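For reference, the structure discussed in these notes is given below.
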Amino acid sequence: MTAVSTAETQHGLGSRLAALAKIVELGQGRLDPALLTEAAQLLLRAGDRLKLSSDHTVVALAGGTGSGKSSLFNAVSGLELSPIGVRRPTTARTHACVWGIDGAGPLLDWLQIQWRHRFARASALDKGESQLHGLILLDLPDHDSIRALTDHEAHRLIQVADLIVWVLDPQKYADASVHRRYVTELTGHDAVTVFVLNQSDRLTPEEQAECVADLEDLLRREGVTHPRVVATSATTGKGVDSLKAVLAESVAARRAAYQRLEADLDRLVLRLVKDVPELLRVEPTVDGARRAGLVDALCDAIGVSALGEALENVYAVRSGDWVGWPYARWAARLRPDPLKSLRLGAVKDDVRGLVASAVTAQPAEVDNAVQALADGLTGGMPEVWRDGVREAARSRADELPEALSEELSEVAPPLDRVPAWWWLLKIWQYLLVVMFVASLAWAGAILAYGVFKAGRPPAEVLGDVAVLPWVGLMMISVLGLGLFSAMASRNFVVLAAGKERDRLEHDMRRRVGVLAQDMVVQPVERELNRYNEFFGAMAAARR
Amino acid sequence: MRSAARNTPDHGTGAGSGDAVTEEPDIGEHPESPGEQTIAFRPIRDDEPPPEPASDPSGSRGRPSAPSDGSVADAAEDAIEDGEQDAEDAADADNAEDLEVSEHREDDSEGAEDAEHAEHAEDDENADEAENVEDAGNAEDADDDGVRSFPMPEPVSAALTEALNQLRTAVKGLHFGLDVPGAEEARKAQAAVLAQLDDYVIPRVHMSTAPALIAVAGSTGAGKSTIVNSLAGGKVSATGVRRPTTATPVIVCHPGDHEWYARGDLLGGLERLEEPRRDAPPGSVVLTSSPSLPRGLALLDTPDIDSVVEEHHEIAHRMLDAADLWVFVTTASRYADAPSWGLLRRAKERGARLVIVLSRVPPKSREVVVKHFGRMLNEYGLGEVERFVINETSVQDGRLPEIEIADLRMWLSALSVDDERREAAVKATLNGVLNSFRTRLPALARHLETQVALRADLRSDVDAAYMGALARIDEATRDGSLLRGEVLARWQDFAGSGDLMRTLQLRRGAKGHQQGPERVRGLKAALRAGLEALVNSAVQQAAEEAVARWRQRAGAGDRLAATPGLGRPSEEIVRRTTRTITAWQDHVTELIRTEGVTKRSVAKLISFDVESLSLIFMIGLLGYGATDAPAGAGAGALPQRLLRGLLGAESLRNISAKARSDLRARVGLLFDEETLRYVDALDSAGIPDEAAATRLYQATYNLEVAR
């Protein structure tokens, strides 16, 4: 175990922890809160542990009451540090023995080991034990007695120690309290877990072999792929040296702390990933087709094309009042009006008022349009994130109809607008009417003065019969001109309305597009980015 | 013990079994058929409790043949029985004659009661011809069933049985489908109660003093099997260093009781095995016998309560629930374990009779450990419980040295001999169990009620969500928000381009409308699209709201809300909406056609196009939504005024009301189909029977009354 590999491990672990931090940040409200809390705790613990002495390895002797943790602790340390006894439970407070006390203080503080339960062994003084330098051996209270129901010290230290030595004994090596609560929960921690079958002096060698084999089987069934089982006897001292050797190896490598954190991280990430079976990256932007689809849908909600049609039709109809042939209009008035007979005279004004009302967007359709966009985008996403995207898409959906209505009212002309050239044409038509009337008067005058000699014509032209055909011609041409210009200008109206419709629709689409971008697409893209970042972090944390 | 005892010195031992209650009838001696005897003796038995030894001294005189035959029978018994009852012999002998007689009576009446005795009777008759010894052997076997199982007095038993059966049905009828917190526990509790009723309570009520079952329970590695083996004097249950050792429970009884256990009143649901097998199916029990055990008692070696094999815990608890006495075994290194104290608490809760064995105690620390354990028990309120201490010694052949278990054996023998004591223990446990029902059953019922209430809540959540959606639609069709967007544009087009006016024609010269119908169609489509969008959006919101509401309900709602697809409207909702709206439009057109009778004054002058008019009507109804506006002239919007002019205010109001309620009904129908999905999801979790809780309360009450 060279310094390089340690640094690499640390580096890899660091980036993975950073990714986990990202997951915790982005996963708020998207992941199981309990899991998030756990992740946050792991981050905190990892941060603390990595800051503290990396020269020390915290080894915890854990196990049920009566398994001989304290005896083993004393046997390993070679001193009677932890009281042993026959009453159960014996140990109530954690004892610690440190090989090489320098720099271990903060670590012990962090572990919350009381001062009076800390013991130091200067490894220099013990010959042959220099390989244990850097070991902090903890003698934990039991985790399975009735006292442990209220005291969680053992549980706490089992969660934070770098290396766990499970002290089991022939009587209770298969207890559910160890296996269900810890061993199964800590699968993947093979590198930082050692199992000790203590009290092996109570068994015959054959029984011991059977027992160890059975224990190994059991552990393998529980997912510990390479169980390290050491048979010891704290009373006879048998096997204690093997245990020491195992500990020395870990201590010398100085990697147990990282391995423990890595194993914890692996496990946590596995659980995180379990909720999200497939890691799918989604396109972080809303593509052109979907955008166009959204704009189309929003335009439908406003009724852009219907508006265009209405514009054409209404202008064409209304232009009749302005640019039409006045005679036809007058003739139409003579026809009986059904509304008159119903005494609903004001209906026309109503229609005019209706036509004058402004453009508005239909809220329900806007809602559906936004919904459709969100649904289309989130095809392969996990449910929570789909909801997230939907929420994002809808984040401003309440304001959207209003905003659309306002924006478009600016461009959409009221249908009762009267362009200036309609006035000109109207004047022109009336001018023609006046001309016709004048010609009629002229013709009448010629008839009266010229033909019937009713008197002296006030002017010569008024009595000149020879002019009469020309006057008649003029009258006809004035009428024809009126008719012709009415037809022509109607065509112009239709043409202009068509143009205006095109312009209007184009303009509206553009404005709808801008609004959609601001109020729908952007929030959605933000959420999609968040999703991608989250899964990027997930992949990074996965290693 | 009896007269026959004097004839053959060993006799007392054989028949003895030491309890005044259980007598050995000597069937072989009766020449008559059992049926006759029953008729003759039954009244006596009914009047006075049979186990009165001194009750009928004259009986023996009524049967002069008894002693001689009896001696043969008893001699045969002796071959089977061992001499463990020696201590009682002297005392028994005093009463022997009296006992003998009452035994006859007892046996006879039993014979009538017990189906077992039918074959036994045949055996009897055969026996007269066959050898006496063999006959006696048969008699012996039959006796063991008959003698030891005293039915309770009829009326009590009948009432109790009735109440218990009722209770059983009630418990069985419970169904906890919703995964609320506590449902799993409730299911387990239900299974436990059912198992206990079947395994223990119902058979026990029938024969309250039948052989007592003593369960040996405790942690893995505590040495339960070793103790059972030692008491049984043979390897009846496997021992070893592997943990957990015992997987299948083992019943060890006296050979005489073997048949009773094999018949399976107690633990009736379990399959009996001859010997332990590795592949023993779950739900089986090994039944073996050992002459070292006293009569009237059986030991039940249970699996552990705390090993990694969790099925063992279930089996162990089931066994304990069926046992009359609990022998709790723990060790010097284990006595502070939490699971052990969990078991002690359970014993306390169930009111079970308990004996504690502290095993594997190192002799040198015996005093300290025993004292400490005693103090812990005292603190826990179990100081009164009888305790035995077994030292840590070498185990030979899976058995402890006899000296270590001498106390325990003494206690067993005493229990076997002392009928009253045993009966008291059995009764105490039975009572304890029945008492525990007082809290366990109402707890089950309460949980069921929670489930029922939760289900109702979940149901009303869905209803509320969809009612909200309906209200939103209602509102949108009243406040004019429908008359926006395309609908408005088309309406403007329709009205502004003069089509509106053209739908009305003067009657003279009317010949269909000339204008292209495309604008009418456009408006109609726009209106339909608008309505559909409104309904779809409301349905979407309702689906989300329903799921959101479910999520807020603890546990169950969450799980159910995760059912795929519930968070959004169903697939075919769009198609259904279209159909609904189209149907409504057609209906409105029909209404206008049939009910929109034009005012006569108007009809003379004007004809109108029904299609267009109904469209105008719909616009007026939904877009302006002012049907309830005052009917004064000039009031109301364009369509209303027009329609009022054409149809008259009265007719218009009628049609409006009809059309609106029709729309609501149709949309409601649509929503009902949507809510069905939620109901299905709810039902898939099972429909809790609301009456089940009441039935359970009633059954619990009835049981109390019957006791």
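Numbers at a glance
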{"quantity": "Region B:389-526, dipole about Cα centre (Lys/Arg Cβ +1, Asp/Glu Cβ -1), debye to the nearest 20", "calculated": "1980"}
{"quantity": "Exposure proxy order (Cβ contacts within 10 Å, fewest to most) of A:515, A:50", "calculated": "A:50, A:515"}
{"quantity": "Long pairs among B:172/B:235; B:235/B:427; B:188/B:348; A:69/B:235; A:426/A:499, criterion Cα-Cα beyond 27 Å", "calculated": "B:172/B:235; B:235/B:427; A:69/B:235"}
{"quantity": "5 angstrom amide H check on residue B:218, placed H, neighbours 5+ away", "calculated": "B:305, B:329"}
{"quantity": "Surrounding net charge for residue A:41, when Lys and Arg each add one and Asp and Glu each subtract one, Cβ distance under 11 Å", "calculated": "-2"}
{"quantity": "Rounded Å value of the spacing that divides the Cα centres of region A:358-407 and region A:460-492", "calculated": "62"}
{"quantity": "Those residues of region A:233-247 whose amide nitrogen sits under 12 Å from the label point placed on residue A:201, 7 Å along Cα→Cβ", "calculated": "A:233-240"}
{"quantity": "Cα lying deepest toward the dipole's positive end in region B:211-417, options B:338, B:237, B:320, charges on Cβ", "calculated": "B:338"}
{"quantity": "Residue pairs, from the table A:172/A:244; A:238/B:224; A:51/A:274, whose Cα atoms sit over 26 Å apart", "calculated": "A:238/B:224; A:51/A:274"}
{"quantity": "Sorted by Cβ neighbour density within 10 Å, fewest at the top, the residues A:244, A:51", "calculated": "A:51, A:244"}
{"quantity": "R0 of 22 Å, Cβ-Cβ distance residue A:32-residue B:559: FRET efficiency to nearest 0.05", "calculated": "0.95"}
{"quantity": "Gyration tensor (alpha-carbon) shape descriptor, region A:132-257, a/c threshold 1.5", "calculated": "rounded"}
{"quantity": "Surrounding net charge for residue B:679, when Lys and Arg each add one and Asp and Glu each subtract one, Cβ distance under 15 Å", "calculated": "-4"}
{"quantity": "Positive minus negative residues near residue B:461 (Lys, Arg vs Asp, Glu; Cβ under 9 Å)", "calculated": "0"}
{"quantity": "Global form of chain A, assessed from the alpha-carbon gyration tensor, a/c cut-off 1.5", "calculated": "prolate"}
{"quantity": "Sorted by Cβ neighbour density within 10 Å, fewest at the top, the residues B:260, A:428", "calculated": "A:428, B:260"}
{"quantity": "Region A:288-542 - charge dipole about Cα centre, Lys and Arg +1 at Cβ, Asp and Glu -1, debye rounded to 20", "calculated": "1240"}
{"quantity": "Charged-residue dipole, Cβ positions (Lys, Arg, Asp, Glu), chain A about Cα centre, Debye nearest 20", "calculated": "1520"}
{"quantity": "Selection from A:86, A:110, A:166, by position along the positive dipole direction of region A:61-190 (Cβ)", "calculated": "A:86"}
{"quantity": "Positive dipole terminus of region B:211-417, leading residue within B:216, B:256, B:269 (C-beta point charges)", "calculated": "B:216"}
{"quantity": "Gyration tensor (alpha-carbon) shape descriptor, region A:288-542, a/c threshold 1.5", "calculated": "prolate"}
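Bear in mind that the values in this text are calculations on the coordinates, not laboratory data. The structure displayed is predicted, hence computed values, not measured ones. Positions of Cβ are generated from backbone atoms using ideal geometry, with glycine treated the same way; all protein chains shown enter the neighbour counts.
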